[in-house]
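Report on the structure given below.
The values are calculated or read from the model by the stated rules, or taken from the named source; none is laboratory data. Since we're looking at a predicted model, the values are computed, not measured. Positions of Cβ are backbone-derived with ideal geometry, glycine not excepted, and every protein chain shown enters the neighbour counts.
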Amino acid sequence: MTPQDIQTLLDENFAPWIKALKIEVLETTPDATTFRMPLGDHIARVGGIVCGQALASLADTAMVLAAIAKAGELKLYATTNLDTQFLRPGAGDAVLCRATVVRAGKALVFTHAEMTEQESGKPIATATATLYAP
């Protein structure tokens, strides 16, 4: 699937509050998908840093879309487990998120995401998720 294919799936199938995060698909391969989420007042907490809820939502969305890219077709994955580790405050213009599929079974898909500041490349957060494909 191309980055435009994944962007279209995001734009047409995800909730309005996820679309409000303004996530962009930068690159996709069967092994990894990279996203960009611009930072701004709409996802900032006190102190001007990105809020954890936005980072967790970015990671979850990215991992689901990475699983779809690996499958090569739209599957309606449900997140059964999401674990996010916040490493440092995120600031700057944008967050990059690289999502990978660690293992894809018949019903469960295990995924990982790394989020970094776009400008500095410093890690902000990591996440893992288990997805269920009905």
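General observations
- Of all the listed residues (59, 127, 67), the sole one being at pLDDT 95 or above, touching a Leu at 6+ places or on another chain (Cβ under 6 Å) and closer than 22 Å to residue 10 by Cα is 67.
- Hits in segment 114-134 (condition: part of a loop (DSSP other than H, G, I, E, B) and over 21 Å from residue 80 (Cα atoms)): 118, 119, 120, 121, 122
- Looking across 84, 61, one residue alone is of a type in the set (Ser, Thr, Tyr), surrounded by 13 or more Cβ atoms within 10 Å (Cβ to Cβ) and more than 20 Å from residue 19 (Cα to Cα). It is 84.
- Residue within segment 40-47 that is among the hydrophobic types (A, V, I, L, M, F, W, C), in contact with a Ser or Thr (Cβ under 6 Å, 6 or more places away or on another chain) and surrounded by 15 or more Cβ atoms within 10 Å (Cβ to Cβ) present: no
- Near pairs, Cβ below 6 angstrom, 6+ apart or cross-chain, from segment 19-38 (assigned to a strand (DSSP E or B)) to any residue that is basic (Lys, Arg) and modelled with pLDDT of 95 or more: 24/36; 26/36; 32/98; 34/98; 38/22
- Selection within segment 20-52: residues that are over 25 Å from residue 89 (Cβ atoms) and charged (D, E, K, R). The member of this set that is nearest to the chain's Cα centre (by Cα) is 27.
- Of everything in segment 66-87 that is free of Cβ contacts under 8 Å to residues at least 60 places away in the same chain and among the β-branched types (Val, Ile, Thr), the residue that is farthest from residue 122 (Cα to Cα) is 80.
- Residue check, residue 62 of a type in the set (A, V, I, L, M), in contact with a Lys or Arg (Cβ under 9 Å, 6 or more places away or on another chain) and farther than 13 Å from residue 3 by Cα: no
- Filter pass, residue 90 being at pLDDT below 95, crowded, with 19+ Cβ neighbours inside 10 Å and in a loop (DSSP other than H, G, I, E, B): yes
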